[in-house]
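Chemist: Let me begin by handing over the structure; questions about it come next.
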Amino acid sequence: MMEDPIVKETRKIREQIASEHKYDVYKLGRYFMRKQQVGQRVFVTIPPKIVKRRSVLTP
């Protein structure tokens, strides 16, 4: 299988960030939330679709 340099770099950065936060999920969550608040990107939250319940057909 061919190694993609972009994937390799992404995995390296991911590992670096995780090790800086001692692989703690809560610390990583706070890190990314802070990064999102400080950044210039606009994040969109899409509300969930409401699915209508269908009645079960009985023979």
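The values are calculated or read from the model by the stated rules, or taken from the named source; none is laboratory data. Just so we're clear, the structure is a prediction, and the values are computed from it rather than from any experiment. Here Cβ is always computed from backbone atoms with ideal geometry, including for glycine, and neighbour counts include all displayed protein chains. For accessibility, only protein heavy atoms count, side chains too; no ligands or nucleic acids. Shrake-Rupley method; radii C 1.70, N 1.55, O 1.52, S 1.80 Å.
Chemist: State which residue pairs qualify: first residue on the phi > 0 side of the Ramachandran plot and inside the stretch 7-36, second residue open to solvent by 60 Å² or more (accessible area, probe 1.4 Å) in any location, beta carbons under 6 Å apart, and separation of 6 or more residues or different chains.
Modeler: As it stands, the answer is none, since no pair meets every condition given.
Chemist: Okay, next question. Scan the stretch 3-38 for residues that are of a type outside the set (A, V, I, L, M) and over 16 Å from the mean Cα position of the chain (by Cα) and report the count.
Modeler: Residues in the stretch 3-38 being of a type outside the set (A, V, I, L, M) and over 16 Å from the mean Cα position of the chain (by Cα): 11 in total.
Chemist: Now, a different point. Filtering the stretch 2-59 down to residues that are assigned to a loop (DSSP other than H, G, I, E, B) and among the small types (Gly, Ala, Ser), which residue is surrounded by the fewest Cβ atoms within 10 Å (Cβ to Cβ)? Spell out how you get there, then give the answer.
Modeler: Applying the first criterion (assigned to a loop (DSSP other than H, G, I, E, B)) to the stretch 2-59 yields 2-4, 21-24, 39-59.
In the following step, the residues that additionally are among the small types (Gly, Ala, Ser) were identified as 39, 55.
Values: 39: 9, 55: 5.
Taking the candidates together, the pick is 55.
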